[in-house]
Every structure is written in C-alpha cells, then in structure tokens.
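Below is one structure; the comments refer to it alone.
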Amino acid sequence: MRKGLMMLVGLLLLSCSKPEEGCLDIRATNFDATADESCCCTYPVLRLLLSHAAGSVFHSPDSVYVNDAGQSYRIMGVDYFLSDVALLVEGTGWVRVSDSLTVTLEDGSILTVDDDILHVSRNQSSYSVGTLLTEGVIDSISFRIGLIPDLVSVDPEAFPADHPLHSPPDVLVDPTGGFGSVAVKLIAPAENGDTLTWSAALSTRVTLDVGQTVLTGYDVEIPMTVDYLQWIREEDVAQPSVINVTDWMARIALSFRYGNL
C-alpha cells in the first residue's frame, strides 16, 4: 500500500514539473535534445579571419618596404569594404548569409539586399558576416572588394546607425559622390616623405579555393591572408595620380589567399 502511494506521489510530482525549455533545432549552435519545449535558438555565424600581411610577415606601420622600382614607403593604414559574400558548398551550390538589409532610397523606393557588408581595416582581424545555415564541404569562397552597384550611391543616413555604411571613414567616401571601395594611406619616401592616400571606387571580385568541412550547428570560420605589398609592388609611389585603377584593383584581388599567415 505504502509503495503504491509513493509511486502515485512521484507521478503527480512529475506531471506538475515545469517543461524544460531549450533549442530543439538541430541546425542551431545551442541544440539541446533533452529539452521539452523549443526556445531561444542561436544559429551559426559565418566569420572571416583575416591575417594582414606584408609579404611573409604581419604588416606593421613602422616597417619600411621597397617596391619593384626601389622606392621606399610605409603603409600607415588600409580601409576597404568587403561584401557580396558567397560559399560554394559541394552538392548544394552557392550559399549566402540569411541576414537582409532594407533601406529607403531618396525617391521613396525600397531596396533590400544581403546584409553582409564589412568595413575592413588593419586594426581588426575577425569579422562576423552573418547567420549561415549550411553543412558539407566548402569548395570555395567568393566576395567583392567594394559594394554592389545598387548601394554605391545610397545616402549613408539611410542605413542603421550601427551599420558600416552609416558612418564610413572619409577615405571610403568618393569625392565625386557615393561610396569608395578601397583606400590605402602611405608615407613615401619612407623617411620624411609625404603622406599619400590612394583610393578607388571600382569594385572587384575575389574567388578562393577553400576545401573546408563544416558540420551542422557549428560556426563557419574562413581564414584568409591579404598581402598589402602586392597592392604597391608595381606602382610608382611618387606619382599616385598615374595609377591605372582597373589594373590596381586586379592586383588587389590577387593579394588574397585562403589560410592564415
């Protein structure tokens, strides 16, 4: 009799217990198979890990570099927009982050684009692109240095206050109107030289082989190295006004490679 009463009390207590909340979506980073009710899922993020290099070593603004013409210079700063990011996943095709951005244009029309825009500078190495739901082997990554054409002329005030395009650095604002793509600040010659800023409003596309496996429910971190010496190697630092911007952007695209320094 007593044993039966104890079992009954136990069943009553079990039936009155509060259901355990947790994430029941296997794609989430906090998936919990023991939960009773689904709640509060956190999904994987695509993150780019950039090594800022000068040849085979990390770039330093204090270091003196020499280009192919024997001209000395120092790279004091680098700024550029990186956007339009896509991963080629084996058996799936091209995948992108799920985050989107909606802005109201001056004529009142609405523009919706992928919210994967990054302002890259020498002072930061880890960049969160956005939420990404995928699995399998990543064959390659493709991205744009600069912005898609639809965004180039949008008023910065149209973007949220915490967005990279709301308050861009002056070097990434095109003097003729709109956003620039890339800018690099130099001192040339290295000793007691002038401070020069090279910039371009053109965008260029970069595609790199990856060969990296991602599992369901895990963040995706893509390591890359960018060699800033390649940006300057063939240019005449004494005459930046004669730079062929198209050729320069092509060399910038070739300065990226997959993997850490």
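Only one entry in ASP209, ASP219, ASP247 is under 26 Å from VAL137 (Cβ atoms) and exposed (fewer than 13 other Cβ atoms within 10 Å of the Cβ), namely ASP209.
When we screen SER153, SER203 for residues that are under 23 Å from GLU235 (Cα atoms) and either of a type outside the set (Phe, Trp, Tyr) or under 19 Å from the mean Cα position of the chain (by Cα) (or both), the only hit is SER203.
Checked against the criterion of being among the hydrophobic types (A, V, I, L, M, F, W, C), in contact (Cβ under 8 Å) with a residue 24 or more places away in the chain and farther than 30 Å from ALA238 by Cβ, the stretch 55-78 contains not a single residue that satisfies it. Checking each residue in the stretch 63-93 for being charged (D, E, K, R), at pLDDT 95 or above and out of contact with any Pro (no Cβ under 9 Å at 6 or more places or on another chain) picks out ASP84, GLU90. Pairs linking a residue in the stretch 131-145 that is within 15 Å of SER83 (Cβ to Cβ) to a residue that is of a type in the set (S, T, N, Q) and surrounded by fewer than 17 Cβ atoms within 10 Å (Cβ to Cβ), with Cβ atoms under 7 Å and 6 or more positions apart or on different chains, are SER142/THR207. In the set ALA28, ALA35, ALA86, only one residue is in a strand (DSSP E or B) and surrounded by 15 or more Cβ atoms within 10 Å (Cβ to Cβ); that residue is ALA86.
Contact annotation: residue pairs with Cβ atoms under 6 Å, 6 or more positions apart or on different chains, pairing a residue in the stretch 99-123 that is under 24 Å from ALA53 (Cα atoms) and assigned to a strand (DSSP E or B) with a partner that is of a type outside the set (A, V, I, L, M, F, W, C) and modelled with pLDDT of 95 or more, are LEU118/TYR127; HIS119/PRO164; VAL120/TYR80; SER121/ASP79.
Count of the stretch 92-112 residues, restricted to those that are more than 15 Å from ASP155 (Cα to Cα) and not small (Gly, Ala, Ser), is 6. Condition first: crowded, with 19+ Cβ neighbours inside 10 Å, at pLDDT 95 or above and closer than 17 Å to LEU88 by Cβ. Can you find one or more residues in the stretch 162-185 that meet it? No, because not a single residue in the stretch 162-185 is crowded, with 19+ Cβ neighbours inside 10 Å, at pLDDT 95 or above and closer than 17 Å to LEU88 by Cβ.
The values are calculated or read from the model by the stated rules, or taken from the named source; none is laboratory data. Remember, it's a predicted structure, so these values are computed and weren't measured experimentally. Neighbour counts are summed over all protein chains in view; Cβ atoms, including those assigned to glycine, are modelled from backbone coordinates with ideal geometry.
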